[in-house]
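Undergrad: Have a look at this one.
The values are calculated or read from the model by the stated rules, or taken from the named source; none is laboratory data. Given the structure is predicted, the values throughout are model-derived calculations rather than measurements. Ideal geometry is used to build each Cβ from the backbone, glycine not excepted, and the neighbour counts take in all protein chains shown.
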Amino acid sequence: MQVVEWTAGMSVGSDTLDGHHRMIIDCLNRLGPLIGQSGRDDEIRDVLATLEEFVLVHFSEEEQQMRAAGYPDWRAHKDLHDRMYDVVFALKSDVEHGRVPEAEKLRTLLNDWLVSHILGEDRKYVPFLENPHPESKQVWERSNGRRY
């Protein structure tokens, strides 16, 4: 499997979200060499558990930041996240049930999706993070009791 390397062009301008993206990429890069090797099931499960955790944390944080910034397509973006989580969950389930060939296919899909998602979909909300819509930010702060 091709190793994905983080580049400055993948940045969405948020240290938090960029850090999450790096961690997800790291998990996928660690997973690649493990798939298909006998006796590595525990390591694979550990990496997948970490990946699942980071995906959940990242998606939640990214969706909060999009809403707070007034990004109008955040619901469609959330739908993409929901589908992606289903892929991660299916990957984890396959490995837990010994279906490694399917896991290889899903892992490749994850890598492809991650890069295209960061470079395509995530780049769409960058202008909103850089320049949040003031009214959306105020509504978000009132409804969540937060100050940014």
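Undergrad: Read through the list (1) under 12 Å from the mean Cα position of the chain (by Cα); (2) modelled with pLDDT under 90; (3) of a type in the set (Val, Ile, Thr), then give the number of the only condition that residue 57 fails.
TA: For residue 57, the exception is condition (2).
Undergrad: Now, a different point. For the stretch 14-29, which residues satisfy the criterion of being modelled with pLDDT of 90 or more and touching a Ser or Thr at 6+ places or on another chain (Cβ under 6 Å)?
TA: Once the filter is applied, which keeps residues that are modelled with pLDDT of 90 or more and touching a Ser or Thr at 6+ places or on another chain (Cβ under 6 Å), the stretch 14-29 yields only 18.
Undergrad: Condition check: part of a loop (DSSP other than H, G, I, E, B) and of a type in the set (D, E, K, R). Does residue 61 satisfy that?
TA: It is false that residue 61 is part of a loop (DSSP other than H, G, I, E, B) and of a type in the set (D, E, K, R).
Undergrad: Follow-up. Restricting to the stretch 15-26, and then to whatever is surrounded by fewer than 19 Cβ atoms within 10 Å (Cβ to Cβ) and touching a helix residue (DSSP H, G or I) at 6+ places or on another chain (Cβ under 7 Å), can you tell me which residue is nearest to residue 115 (Cα to Cα)?
TA: Here is the first cut: in the stretch 15-26, the ones surrounded by fewer than 19 Cβ atoms within 10 Å (Cβ to Cβ) are 15-16, 18-19, 22-23, 26.
From the residues that got through so far, the ones that are touching a helix residue (DSSP H, G or I) at 6+ places or on another chain (Cβ under 7 Å) too are 16, 23.
On the way: 16: 17, 23: 13 Å.
By that ranking, first place goes to 23.
Undergrad: Being closer than 26 Å to residue 105 by Cα, out of contact with any strand residue (DSSP E or B) (no Cβ under 8 Å at 6 or more places or on another chain), modelled with pLDDT of 85 or more and among the hydroxyl-bearing types (Ser, Thr, Tyr), is that true of even one residue in the stretch 74-88? Lay out the reasoning, then the answer.
TA: To start, the set of residues in the stretch 74-88 that are closer than 26 Å to residue 105 by Cα comprises 76-88.
Applying the additional criterion that residues be out of contact with any strand residue (DSSP E or B) (no Cβ under 8 Å at 6 or more places or on another chain) yields 76-88.
Still in the running and modelled with pLDDT of 85 or more: 76-86.
Filter once more, so that each one left must be among the hydroxyl-bearing types (Ser, Thr, Tyr): 85.
Yes, the stretch 74-88 contains a residue that is closer than 26 Å to residue 105 by Cα, out of contact with any strand residue (DSSP E or B) (no Cβ under 8 Å at 6 or more places or on another chain), modelled with pLDDT of 85 or more and among the hydroxyl-bearing types (Ser, Thr, Tyr).
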